[in-house]
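First the structure, in the form of structure tokens, and then the observations on it.
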Amino acid sequence: MTALQYELFAGVMRFVFVPLFLFMLIRCAKNAWLEYRYEKEYFGDVGTRGEVMGYGALLDEWQDDDAWRPLYDDADIGSASDCSFRVKGHGLRAKHARIYFERGRAYVQRLCLNDDILLVNGTRVADKMQIFEGDVLTCAEAKIILSIPNNVKGGRNDETA
Amino acid sequence: MMKLRKKPTASNLQSPMTNGIVFSLTLFVLCSFCLLSMKNGAVDYAALIFSLILVGMVLFQYILFRFAFVRADLQIMLIVNILSMLGMVVQYRLDPATAYRQFIFYAAGIVLMILIMIILPKMKKLRSLDLFFACAAIALLCLATFFGTESGGSRNWFSIGSFTFQPSEPVKVLLVLILAGELSKNRNIRKIIPTGIFVGISMILLVLQKDLGATLLYFGAALIMLYLGTGNIPITLAAFGAGAGGAVVSYHLFYHVRTRVAVWRDPWADPLGSGYQIVQSLIAIASGGLFGMGLGNGVAKGLLPQYDTDFVFAVICEEFGQIIGVCVLLFYFVLVFRGCIIALRAKTRFEALLCVGSVAMLALQTITNIGGVIRFIPLTGVTLPFISYGGSSMITSMIFIGIVQAISIANGGRRR
């Protein structure tokens, strides 16, 4: 094949390569999107919440079944709208505390200032403290009763999950 | 937006339409190498045999992922192979000897990726090796800083006999492992200060090596992981500010940084001197047009320095066209999208951070390379993952993909 013939042939082939790449790209993108949609539909929201690790309710309302709200791993308690455990009208900070799970144990962590009220069964939480089934968490004026099974699977550093 | 009429069942969850992609990829490889085999008059049978070996590698991986690693992400595997095959075609067109070496690195990378996919889900104590990884990372960076050889203006290569490698490439993996391990254990800012000091020391060593690209990558990946690990915006902004301050200080302290920025701002001021690379790169991209000049018809090889590594994207745009150039960019985007979904599905914080750190590193590398080539940011000398020639780069990229696939396997609740 002469140089000129090659140039012509290569010039024609570029019109084959572009549609091939476009086809592969569209298929890959479509597959990626479809898998995401199917997974979301089949397994629920991706990453926004995770597994339910326990439940919590305001102490005044605990007898009402509807008052119990699920606690996911890394549940933020506060008055902000993006808190997974939002409590309004009790003087809570936007992000007051966080409940997280590590090696099968549940902990509460202070996110508010040191002067703010954060107690577990009346004991002040300095930085973080382990919490158990039936503990009462006091965040500002709100008292929250927690229902957390022992040895929860999942959470941080849990190899059994 | 597509609406699903009924809740999908497990059978719906199988990856649809992947056979077509494999067929198209095979067609692309065979057509490209058939074309290249006729470039120099007589038929180059080596090119045809090479294309068959490449197709065999792709099919082997496809079958392996379909039947042995059913929980691995098939889309990521396909995208990695599409980009690698494009790289292989471009490398063969530029220099067949380079392509053969690149194939060896690609094959080694595939083997490593598969090993990681098998071993990583079983390694439960990986996060407790932070200190060991940190010592290894600093030692590797010191090797290049104090005993390294200079190439392309940076002292970032280290030679042992005839074997040379870039220590900053494996350190990328170590950095992601260290950050994921530490940030998964500690959120308290006081406890992650030692990790911050480690990142700072690494970046100082890279600045001493004059390796701007790696410095940018390390900083970007650390910042992303810091934000995702702590969720603390003020601390992330403070870290960003510290990095930006460091960049300004580097600009005033180092001549080569000032030169790079000056060339980026106005490459046409000295088109035959300091601005030569970027000017030739822009000319190559523009001369390709939408559909390119045709495989083998480009002239960038004779004009563009580092055409097979840093400026391979300009060669692709010149010979395959800007449409395929944009496709390449979008392939990386889909890869990162799938990586983020795998990270979100991870059951432990360590796995999530490891996955997101790996894809962030690949994404930043792509942005830094293509951004430099199209004059979006200053040139930094970073390779394009899977496409550019380079053993360290190819193997490191494959390790990152292996990590992402291993996390997908560990957390995949279903057969794909």
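The values are calculated or read from the model by the stated rules, or taken from the named source; none is laboratory data. Just so we're clear, the structure is a prediction, and the values are computed from it rather than from any experiment. Ideal geometry is used to build each Cβ from the backbone, glycine not excepted, and the neighbour counts take in all protein chains shown.
The residues of region B:271-286 that are more than 23 Å from the chain's Cα centre (by Cα) and buried (at least 16 other Cβ atoms within 10 Å of the Cβ), listed by number, are B:G275, B:Y276, B:V279, B:Q280, B:I283. In region B:292-306, the residues that are without any contact (Cβ under 8 Å) to a residue 40 or more places away in the chain form Cβ pairs under 7 Å with partners that are assigned to a loop (DSSP other than H, G, I, E, B), at six or more places apart or across chains, as follows: B:G292/B:G321; B:A300/B:Y307; B:L304/B:F311. Within region B:125-145, the residues that satisfy the criterion of being over 19 Å from B:E182 (Cβ atoms) and either in contact with a strand residue (DSSP E or B) (Cβ under 6 Å, 6 or more places away or on another chain) or exposed (fewer than 12 other Cβ atoms within 10 Å of the Cβ) (or both) are B:L143, B:A144. Identify, by number, the condition in (1) crowded, with 19+ Cβ neighbours inside 10 Å; (2) touching an Asp or Glu at 6+ places or on another chain (Cβ under 7 Å); (3) modelled with pLDDT under 85; (4) not aromatic (F, W, Y) that A:S147 doesn't meet. If we test A:S147 against (1) crowded, with 19+ Cβ neighbours inside 10 Å; (2) touching an Asp or Glu at 6+ places or on another chain (Cβ under 7 Å); (3) modelled with pLDDT under 85; (4) not aromatic (F, W, Y), just (1) comes out false. Scanning region A:93-119 for residues that are over 20 Å from the mean Cα position of the chain (by Cα) and either at pLDDT 90 or above or in a strand (DSSP E or B) (or both), we see that the one that is farthest from B:S184 (Cα to Cα) is A:I117.
Total residues in region A:13-50 satisfying the condition of being at pLDDT 90 or above and more than 8 Å from chain B (Cβ to nearest Cβ): the figure is 2.
B:G246 passes every criterion in (1) more than 14 Å from chain A (Cβ to nearest Cβ); (2) on the phi > 0 side of the Ramachandran plot apart from (2).
Scanning region B:374-394 for residues that are under 12 Å from the mean Cα position of the chain (by Cα) and either assigned to a loop (DSSP other than H, G, I, E, B) or of a type in the set (D, E) (or both) returns B:V382, B:T383, B:L384, B:P385, B:F386, B:I387, B:S388, B:Y389, B:G390. Any idea which of (1) surrounded by fewer than 20 Cβ atoms within 10 Å (Cβ to Cβ); (2) more than 22 Å from the chain's Cα centre (by Cα); (3) in a helix (DSSP H, G or I) is the one B:S159 doesn't satisfy? Result: B:S159 fails condition (3) only.
Among residues belonging to region B:67-88 that are over 26 Å from B:G294 (Cα atoms) and within 14 Å of chain A (Cβ to nearest Cβ), point out the one that is surrounded by the fewest Cβ atoms within 10 Å (Cβ to Cβ).
Per the stated criteria, the residue is B:V70.
Residue-wise test of (1) part of a helix (DSSP H, G or I); (2) at pLDDT 90 or above; (3) within 12 Å of chain A (Cβ to nearest Cβ).
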residue: B:L4; (1), (2), (3): no, no, yes
residue: B:N12; (1), (2), (3): yes, no, yes
residue: B:S15; (1), (2), (3): no, no, yes
residue: B:G41; (1), (2), (3): no, no, yes
residue: B:M57; (1), (2), (3): yes, yes, no
residue: B:Q61; (1), (2), (3): yes, yes, no
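The lone criterion from (1) in contact with an Asp or Glu (Cβ under 9 Å, 6 or more places away or on another chain); (2) buried (at least 22 other Cβ atoms within 10 Å of the Cβ); (3) within 14 Å of chain A (Cβ to nearest Cβ) left unmet by B:Q91 is number (3). Each residue in region B:349-373 was checked for being over 10 Å from the mean Cα position of the chain (by Cα) and either within 26 Å of B:M117 (Cα to Cα) or aromatic (F, W, Y) (or both), and 9 of them qualify. Which condition does B:S159 not pass, out of (1) farther than 23 Å from B:A242 by Cα; (2) out of contact with any strand residue (DSSP E or B) (no Cβ under 8 Å at 6 or more places or on another chain), if it passes all the others? Answer for B:S159: the failing condition is (2).
Among the criteria (1) within 23 Å of B:I341 (Cβ to Cβ); (2) modelled with pLDDT under 80; (3) among the small types (G, A, S), the one A:A67 does not fulfil is (1).
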